[in-house]
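Structure, as structure tokens:
Throughout, read-outs are computed from the coordinates displayed, never taken from laboratory work. Just so it is clear, the model here is predicted, and its values are computed rather than measured. Neighbour counts run over all protein chains shown; Cβ positions are idealised from the backbone, glycine included.
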């Protein structure tokens with residue numbers, strides 16, 4: 001049955017599973033942006049495809065309200081600039097959306113030296129966005145959240161005073177150190 005929060009997948013498999021051009025493109029994305037699984041790439045592609053579909057529908061219907069909503073969403077995520085038009089949205093590339101992933105932003109900010117290290121920091125819950133712990137590398141970061149990304153600092157453990165060896169309590173047998181003669 002599954003979780004009621006997640007009733008369906010966020011991605012779909014490609015129609016041609018062994019298309020050489022697509023496989024090489026995805027391999028380049030894996031290397032540059034640190035994707036671990038193909039389903040992560042397909043999730044971003046599905047999000048990107050839906051953005052473009054919305055832009056085409058808005059362009060066909062000339063709906064100004066939907067256009068404002070779409071442009072506000074894209075500018076919130078830092079994908080669109082101030083004077084962005086629907087034609088610019090249709091000319092976007094998948095890499096523009098991949099640049100807004102949490103894993104990529106951590107790498108670009110210099111908090112990690114490699115994509116693998118950035119991914120490990122996210123998955124091991126070492127990254128805070130505001131006060132929230134985000135453990136999904138595919139999390140799309142908006143412009144306001146980008147300023148408040150930080151490493152989680154562990155609280156120092158209290159230092160206990162070293163316990164001094166005390167005399168045995170009444171009724172307790174004292175442990176003797178082994179001697180060489182006993183061996």
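For the chain, build the convex hull from the C-alpha positions and give me its volume per residue in Å³.
Values: hull volume 58.6 nm³, N = 183.
Taking the convex hull of the Cα positions in the chain, it is 320 Å³ per residue.
Dimensions of region 43-116 along the principal axes, based on C-alpha atoms and rounded to the nearest Å, stand at 46, 24, 16, largest first. Taking 100, 119, 54 in turn, the Gaussian network model of the chain (Cα-Cα springs below 10 Å) assigns the largest fluctuation to 54.
Reducing region 66-129 and region 38-56 to their Cα centroids gives an inter-centroid distance of 13 Å.
Among 155, 27, 118, the residue with the largest mean-square fluctuation in a Gaussian network model of the chain, with springs joining Cα atoms closer than 10 Å, is 155. Here the label points at residue 159 and residue 52, each 7 Å from Cα along the C-beta direction, are separated by 5.9 nm in the simple model.
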